[in-house]
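The values are calculated or read from the model by the stated rules, or taken from the named source; none is laboratory data. The shown structure was predicted, so the numbers you read here are calculated from the model rather than taken from an experiment. Neighbour counts are summed over all protein chains in view; Cβ atoms, including those assigned to glycine, are modelled from backbone coordinates with ideal geometry. These accessible areas exclude ligands, DNA and RNA; they are computed on the full protein's heavy atoms, side chains included. Shrake-Rupley method; radii C 1.70, N 1.55, O 1.52, S 1.80 Å.
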Amino acid sequence: MFTFGACCKEDGVEERQPSPSTQCLLEARISQPSRMVSKVSSPTLLEALSSDFLACKICLEQLHLPKTLPCLHTYCQDCLAQLDIGGQVRCPECRETVPVPPEGVAAFKTNFFVNGLLDLVKARASGDAHSGKPTCALCPLVGGKSSGGPATARCLDCADDLCQACADGHRCSRQTHKHRVVDLVGYRAGWYDEEARERQASQCPQHPGEALCFLCQPCSQLLCKDCRLGPHLDHPCLPLAEAVRSRKPGLEELLAGVDSNLVELEATRVAEKEALAQLREQAASVGAQVEEAAERILKSLLTQKQEVLGQLRAHVEAAEEATRERLTKIEGQEQVAKAAAAFARRVLSLGLEAEILSLEGAITQRLRQLQDSPWTPGPTRCVLPKLELYPGLQDKNCHLLRLSFEEQKQSQKDSEKGGAGTQGGDDSQSQGEERTKTGKQAGAQSLCKDGAPTPKEGKAQNSQEDDDVQIERGNRSNKKKKCKGRGKPISREPSPILRPNLEGSGLLPRPVFSWSFPTRMPGDKRSPRITGLCPYGPQEILVADEQNRVLKRFSLNGDYKGTVPVPEGCSPCSVAALQNAVAFSANARLYLVSPEGEVQWRRSLSLTQSSHAVAAMPCGDRVAVSVAGHVEVYKKEGSLATRFIPGGKASRGQRALVFLTTSPQGDFVGSDWQQNSVVFCDGLGQVIWEYKGPGLHGCQPGSVSVDKKGFIFLTLREVNKVVILDPKGSLLGDFLTAYHGLEKPRVTTMVDGKYLVVSLSNGTIHVFRVRFPDS
């Protein structure tokens, strides 16, 4: 027996201890957990073997015949052959177009580095074809055995599995006495990967079994001993170790240059994101100021309206009182004159001569008295009111609100970087200064165009200048506040345009843009089609991507949190989160799965409906689903709790709830496509109200969401809007429009009662905070 030291068994096989290099690496990591490295740390062999580095990004399987493109991305040879279009291959990762050699994709460089790592992985999983257990590779060569015994050791130099007997005698041979024999279990556990990697030799593709050991300098080709004696016999060749020593410094120098560029790119990327975040914050601040200024102007206008109407009423009342007094006097004179004239007319018509002559004097005196008296109490003066509008308001080009743009001043650090830039940077800076100058000149122009009065020609425009000054001061103060605290979420999509919502004089909830992000992930084979959204834990949402058959988890700021596994072949449509469970509809079935994807139960649904809306009850232990015009509520354990038709049996066959949600009080809100209405009913199915008003714009009602105060947010996909209904079913107005970046909104959900999450048809998600005037 041989003794190999304290760490070895007497039988020549090392015990299950990690290699010295691996042990040192672990001790270094444990003893220095917080040490910061100024340069990029080198990847470890364990990271390369355990990550997806050895997986093809096209077929998502382990690399087979790996070929490397000039962009240094590696794929399977067969996968590259499928991408060959007209003699060109477009890299799926960096989109660089690479010409295919005349010999085909097989002529691309073979990635021997990946092949070596693959050999390590394959050696770990090697075993007998029938039993799957590793067998000795030397037993069939000795004694004519058909198969080897169970392997217990591994020779790192021969790369063979050995049984106990062969391992004992492996070092007895003159040729193999220096070979490294280790425990097979420890080898498969990865304890000896570093040592196996050091002893690994790349095999020649032209001469199987021969190791590559030379580099032909003129051809830059790796050679084995047989290749060296062939066409490269007269070429100067170097051993691999010497060639690496001569060429490695140049590669390290180039790598250091790229690392330096990466540091600059990282700084530039961070600066760009900070600038974009600052722009969005400033845009949100200016949008809020615009709304406040508009509200202030509206309130002032309403106040002037009441004053003018009050003056008009006072003038009319005074004129009516004076007119009534004059009418009373006129009516009295009229009655007296009519009575005297009637008496005189009767005497003249019916009286005898003696009677007429006896009354002549009295009649003559009275008629002369009436004739000489004034008929009117005074001249009538009619003062008619007339409205005078400020001339500038009648001009369609008059703008009470305007924006001015100024370039952000660079810090001293940024100025130093800009000073070291290229001529292109100077040109862009001069263009920015020119744009700033133009913007200031435009801001100094009149508020009104085409001959309208300048700001100095009226009190109204002077007051508007004061408002602009206040807005500008607000911008500066917000900039100061912004500099004090950074760290707000940065989205990966352009923020929607903020526009003021003036409807209702600011009494409506207002949207405040928070985040925007795409939902397409690198593993998706198709463009996302979001058919379901629901809150999933604090500040997190669950996205049902029907096209890619996956449930994706995202935080509200767009961080990808992984997936909730679904059964194979399921295309989740609608989704709802319960306590420690997820319910979703797919293929006319209702599923309840655990967060790890374990199916707890499934229920068959009606085949007459193409999609079934799912909603979680506020208690968190029940789920509701719309089935052929009625609603079924299931308990978490899978039993049917209740079933009802909105409106009772009289509405049987007259409902089609395509979208469904619940209110914080446990009521149901659904979009009925058969009645083209929004229906609100309690937990027993009694319809409390139903909206069919003109606010739907003739569209079919879409996704519905309810906030913590009971306001209902209804999606109208055809007109790119989200409108608001109050808890009593009255339409309040528009909440989101195309101005907010809505383009074919698909489904919505409410998170924490105050964040409205909207998904678009292109897979993008916008998040808006619902802001109430009293908040």
Legend entry - Label-point separation, residue 295 to residue 307 (7 Å along Cα→Cβ), nm: 2.2
Inset, instruction - Set the Förster radius R0 to 41 Å, insert the Cβ-Cβ distance between residue 62 and residue 172 as r into 1/(1 + (r/R0)^6), and round the FRET efficiency to 0.05. - result: 0.65
Inset, instruction - For residue 642, enumerate residues with amide H under 5 Å from its amide H, sequence gap 5+ or separate chain, H modeled in the peptide plane. - result: 633
Legend entry - FRET efficiency for residue 393 and residue 689, using Cβ-Cβ distance with R0 set to 56 Å, rounded to 0.05: 0.90
Legend entry - Area projected by the alpha carbon convex hull of the stretch 218-259, averaged over all directions, nm²: 3.4
Legend entry - Share of Cα-Cα pairs in the stretch 651-756 lying beyond 19 Å, as whole percent: 37
Inset, instruction - Please give the per residue accessible area of the stretch 530-625, computed with a probe of 1.4 Å over protein heavy atoms only, in Å². - result: 40
Legend entry - Karplus 3J(HN,Hα) series, Hz, for the stretch 718-729 with 6.51 cos²θ - 1.76 cosθ + 1.60 (x for Gly, Pro): 5, 10, 6, 9, 10, 9, 10, 10, 6, x, 9, x
Inset, instruction - Report the net charge of residues surrounding residue 76, where surrounding means a beta-carbon distance below 11 angstrom and charges are Lys +1, Arg +1, Asp -1, Glu -1. - result: 0
Legend entry - Calculated from backbone phi, Karplus (6.51, -1.76, 1.60) coupling profile of the stretch 395-401 in Hz, x at Gly/Pro: 7, 5, 8, 7, 10, 6, 10
Inset, instruction - Output ³J(HN,Hα) for the stretch 526-540: one whole-Hz value per residue in order, computed from phi by the Karplus curve 6.51 cos²θ - 1.76 cosθ + 1.60 with θ = phi - 60°, and x for Gly and Pro. - result: 9, 5, x, 10, 7, 10, x, 9, 7, x, 9, x, x, 6, 9
Legend entry - Approximate spin-label separation residue 364-residue 339, in nm, with each point projected 7 Å along Cα-to-Cβ: 2.4
Legend entry - DSSP-assigned coil residues among trypsin sites (Lys or Arg not before Pro) in the stretch 726-775, each with at most 12 further Cβ atoms within 10 Å: 728
Inset, instruction - Lys and Arg at +1, Asp and Glu at -1: add these up for the other residues within a Cβ distance under 14 Å of residue 668 and post the number. - result: -2
Legend entry - Carbon + sulfur, % of accessible area of the stretch 505-618 - ligands and nucleic acids excluded, 1.4 Å: 44
Inset, instruction - Compute the relative contact order of the stretch 198-334 as a whole-number percentage, counting only Cα pairs closer than 8 Å that sit 6 or more residues apart in sequence. - result: 11
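Evaluated at 4 °C with a viscosity of 1.567 mPa s, what Stokes-Einstein diffusion coefficient in µm²/s does the stretch 516-557 have when Rh comes from the Kirkwood expression over alpha-carbon pairs?
Details: Rh = 10.6 Å.
Answer from the Stokes-Einstein relation: 123 µm²/s.
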Inset, instruction - Pull up all non-local amide H partners of residue 629: gap of 5 or more, or a different chain, and H-to-H distance under 5 Å with H placed in the peptide plane. - result: 657
Legend entry - Nitroxide proxy distance, nm - points 7 Å out along Cα→Cβ at residue 568 and residue 371: 12.3
Legend entry - Solvent-accessible surface (1.4 angstrom probe) belonging to residue 85, in square angstrom, nearest 10: 130
Inset, instruction - Sticking to Cα atoms, compute the Rg of the stretch 497-619 to one decimal and its Dmax as the biggest Cα-Cα distance, whole number, in Å. - result: 16.6, 52
Legend entry - Charge context of residue 527, other residues only, Cβ under 10 angstrom, K/R +1, D/E -1: +2
Legend entry - Amide proton proximity set for residue 221, modelled H, under 5 Å, gap of 5+: 216
Legend entry - the stretch 521-662: relative contact order in percent, alpha carbon pairs under 8 Å with at least 6 residues between: 14
